[in-house]
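The numbers here are math on the coordinates, done by the rules we state, and not lab data. It should be emphasised that the depicted structure is a prediction, and the values quoted were computed from it without experimental measurement. FYI the Cβ positions are ideal-geometry reconstructions off the backbone, even for glycines, and counts take in every protein chain you see.
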Amino acid sequence: MTGKPLTVADYPLAENRPDVVETKAGKKLDDITLDAVISDRVKLEDLRITDRALRQQAEIATAAGRPTLAANFERGAELVDVPQDVIMRIYELLRPGRASSRQELVAAARELRETYGAEGVAAFIEEAADVYERRSLYKKRF
Amino acid sequence: MTDESHARPNRWKRFSDWDERPLRLDKFAAEDAANGFAAFKSPFDPKPGFSLAAGVVESMDGIASRDFDMIDFFIARYHLDPEIAPEAMAMPSLEVARMLVDMNVPRTTLVRLARGMTPAKLAEVVGHLSSLEIAFAYSKMRARQTPGNQAHVTNAKDDPLQMAADAATAVAFGFDEIETTMRVARNSWSNAVACAVGAAVGRWGTLFQCSSEEAEELKIGMAGFTSYAETVSVYGTEKSFIDGDDTPWSKAFLAAAYASRGIKMRCTSGAGSELLMGFHDRKSLLYLEARCLCLQRAMGAQGTQNGGIDGAPVTCTVPGGMRELMAENLIAVWLDLECASGNDARATESEIRVGAKILPYLIAGSDLICSGFGSILKYDNSFNASLLNGEELEDYLVLQRDFEADGGLTPVGETRVMELRARAVDAISAVLEELQLAKPTKDMKQSVVAASGSDETRTFSGRDVAMISEAIFARSITVIDVIKALAARGFTEEAENLLKLVRLRVSGDYLQTSAVVRDGRIVSAVNNPNDYQGPGTGYRLTDERRDEIVAIRDVLTRQEVLRVEATFRPAEVTRIAYKPVGPAATTRNEREVVIGISPAFGVKLFQTVAGHPLSAILRVLIAGITEGGGTARVVRMRHTADTSFLGLSAARLAGSGIGIGIQAKGTAVIHQKDRLPHNNLELFSNSPITKLEHYKRMGLNAAAYALGEMPEPVIVPTRGEAMGSRYHARVSLIYAIETEMTSEGAEPEEIDVTFIGAAA
């Protein structure tokens, strides 16, 4: 990558810019073959999206005039390395009545920020913490 | 009670007839905004409004920011662009509505304005449009240029064999996405594996989802079996949102989580959900949907499943309900969201309402016209019956052909479908065996391949399926294991296809707006944007695509008509001989009726459209004339094949002045020499339902006219059959064979008819 943001002309990356696409372990798309799967050189882990790919797609979405979609990709990029159980726990906590106080959500935000560097998502959860307080969502639901 | 009142009928019986129509199973609701039954307008809807203070939204649609509920807050914070809003909100709504249907105003201009519009403003603008204008604007505003479609693939037994066969079938018919769900929640893993394998048969690229509980669905996605999700539901009032057990932030977090797993995701919302949940806040359906859609754009979803969805049936009970469903879809695409445009829940029992509902979408196109189309039979649809289902799939294929409209599907021949179904059943069986999950028997497999629906299958029990599903989950089987199992058992193509689908995740290209895979390439709103700007622009059928769409089964050709006719010849020559005996002259026999037969009668054509051999027709006509006291003479006309002129020419040759004209297809007329060509005595135009007894009576009546009597005309009773649609293609081809044999000025020819043996 030259550092210049990707544009719609680069899209789809798998077809037009395979040079910028790689798995977390550094494999290229051409390395992901049936033979490689059979011989265990490619595992499920290699078929995961990377934070880099999501940021690249965010650049393309921005270039295509879709800033909110780009923001979602940016949040997704921050969550790539967050384990599934943590994702599900925080999702659950964000549902109505799950957190009993603002502090629980703020703590979840801190965890995402400090452990995974998910600054944007953390801020997003802190914002939810404030709105939930104003809208009285910290009450027990039966 | 007096006799008089006793005798007086108290009901026009037509109402009783109407009571029996499927339509009367639909129930209709009175418009009642206070109780949520208002499509476009409620007195409780807010007026569009907006104000900024120091670059921050101060009020929106009459609500001050300090009073914002969660939805207002989220929309104001993430949807509204403060740089555009002052300009967009100041524009008169009617003017914006006109821009939506003005082909000279580019889509991009309107998409920009939408970012500065509040929910009430968006609703007010589209409220100015008629149904036709909404459909047109939808066609102009939808994000991806090429239309597509989505299928439901489910079955009542959650049978993995049928799931695979039906998935392969749906893929063959061209669906871009297939969606499954299950009758029993714990069968989700079995369904996911079976659908993933079935969808890899024949071609690759059909995106696949397994609709289940949020956490479970994400897990199935993580195991690599599914490629998209659309169960992220949002609602238009805060109370219904909370009742749905989510908030805008929890859903937005989930949206980001799907992105982080490389899974395409769209939200779901639709009119009527708040009404069904009891928290409509007395607002119109459209205004609430406008809120949902602004929220979805705010969350950063690439698209929406929208257009009533589960609320479509209740929306369709309200005046303007179907128009409202179209209007909310328009708001979705105006907000630049991919739109899987509903047309899924069967909103009516009336086939006419079904056809009317789908048509605007078919001709306007949509990212995914149905979300989805029930590719299986109604009773097998675990989402509940769709607007269109397996029963009606061919109707839809014909609608595509009728309107030369790309509804995303392609006709497939019987042989190909059987090959694919067998292959899919073999493939999933191989996977089940290789992973030691089950051993399907030959009988199970065969019953599934041929079955139209699960009533006809002899397959796994519910308990078997639950055990397969729980084993897949317990043993953490992933798509990699399935790919390896396919490869190990020689299903290399399917293994490759499945791998290619999962590999899409690495680059994430299919996360962009409106992405589908066509011919192995990603097609989305990024590289295939809708650039409609009037005739000649936007999506047009290519010649190749048109060829695919028109190729439905059982189409008639001239060769086929002639081939079928030729098969009747051998039998006819054993029953009748036509011997030409020179030019026909007029006689003085006052009892004579002339039967004028058409040029191809008994020469190239041998039976009527109703299937009567022409020998039998002539036999009864002559018998009728004779029994009626007349004499019959047969003359072949060679100057015309038209019924009226056949009859009139025959009448002019007859000593009585009465003639019968008859075409090979069976259309006949009784004529009199002094009448105008089309002012005959009796016409038998419905040849497909004309029986031999009618021809016999026709002979009798012709004789009666010849003797100067006034007989009771023969009536061929019709029950309103769509005669033209059943027969006109064949009739036109047959008639062309007749007209080709005419030549101007050719003299009528006397025919000596001999009947051989008994009547046919």
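How much net charge surrounds B:E133 when only other residues with a Cβ under 11 Å from its Cβ are counted (Lys, Arg +1; Asp, Glu -1)? Once positives and negatives cancel, what remains is +2. Taken residue by residue and averaged, Cβ atoms of other chains lying within 10 Å of the Cβ of A:90-100 number 5.
The mean sequence distance of close C-alpha pairs (under 8 Å, at least 6 residues apart), as a share of the length of the stretch B:470-585, puts its relative contact order at 8 percent. Where both residues lie in the protein assembly as shown, what percent of DSSP beta bridges are antiparallel, nearest 5? About 50 percent, rounded to the nearest 5. Highest mobility in the GNM of chain A, judged by mean-square fluctuation with C-alpha springs under 10 Å and restricted to A:A25, A:A123, A:A53, is found for A:A25. Given R0 = 30 Å, the distance between the Cβ atoms of B:L25 and B:I715 translates into a calculated FRET efficiency of 0.30. Over the stretch B:476-586, the pair-distance histogram of Cα-Cα distances with 10 Å bins from zero comes to 10, 17, 19, 16, 13, 10, 8, 6, 2, 0 percent, rounded to whole numbers.
Peptides B:109-119, B:734-744, A:102-112, B:710-720 ranked from most to least packed by the mean count of surrounding Cβ atoms within 10 Å: B:109-119, A:102-112, B:734-744, B:710-720. Take B:311-323, B:507-519 and order them by the average number of nearby Cβ atoms within 10 Å per residue, most first; the result is B:507-519, B:311-323. Note: relative contact order over chain B, using C-alpha pairs below 8 Å and six or more positions apart, is 14 percent. Between B:E592 and B:T631, B:G655, B:S656, the built amide H atoms are under 5 Å apart, and every one of these is 5 or more places off in sequence or on another chain.
Annotation for B:S732 and B:R416: the two label points, set 7 Å from Cα along the Cα-Cβ direction, are 2.6 nm apart.
The slack between B:E747 and B:R77, meaning 0.36 nm per residue of separation minus the straight C-alpha distance, is 232.3 nm.
Please give the average number of partner chain Cβ atoms lying within 10 Å of the Cβ of each residue in B:261-272, rounded to a whole number.
2
Taken residue by residue and averaged, Cβ atoms of other chains lying within 10 Å of the Cβ of A:48-55 number 5. Calculate, for B:E58 and B:A7, the FRET efficiency according to 1/(1 + (r/R0)^6) with r their C-beta to C-beta distance and R0 60 Å; round to the nearest 0.05. So, using R0 = 60 Å, E works out to roughly 0.20.
Across chain A, the relative contact order, built from alpha-carbon pairs under 8 Å that are at least six residues apart, equals 18 percent. When each of the peptides B:303-309, B:345-351 is scored by how many other beta carbons lie within 10 Å of its residues on average, the order from highest to lowest is B:303-309, B:345-351.
Treating the angle as unsigned and between 0 and 90°, give the value, to the nearest 10°, between the Cα long axis of helix A:119-134 and the longest Cα principal axis of chain A. With rounding to tens, the tilt is 30 degrees.
Count charges around B:R636 for me, please; just the other residues with Cβ under 9 Å from its Cβ, Lys/Arg as +1, Asp/Glu as -1. Net charge around B:R636: -1. Here B:T108 and A:K139 are evaluated by their C-beta separation; at R0 = 41 Å the FRET efficiency comes out at 0.35.
Other residues lying with their Cβ under 10 Å from the Cβ of B:G538 contribute a combined charge of +3, Lys and Arg counting +1, Asp and Glu -1.
Looking at chain B only, what percent of DSSP beta bridges run antiparallel? Nearest 5 please. Roughly 50 percent of the DSSP beta bridges within chain B come out antiparallel. Computed over the protein assembly as shown, the per-residue total of -39500 (n - 2.57) for DSSP H runs of n ≥ 4 gives a 222 nm mean residue ellipticity of -13500 deg cm²/dmol, rounded to 500. Distance cut-off 30 Å, Cα to Cα: go down the list B:K121/B:K239; B:K579/B:K673; B:K604/B:K691; B:K13/B:K378; B:K47/B:K140 and report the pairs above it. As for pairs spanning more than 30 Å Cα to Cα, those are B:K13/B:K378.
The modelled label-to-label distance between B:W18 and B:S725, using points 7 Å beyond Cα along the C-beta direction, is 2.3 nm. Between A:D31 and A:E45, residue separation times 0.36 nm minus the direct Cα-Cα distance comes to 3.7 nm.
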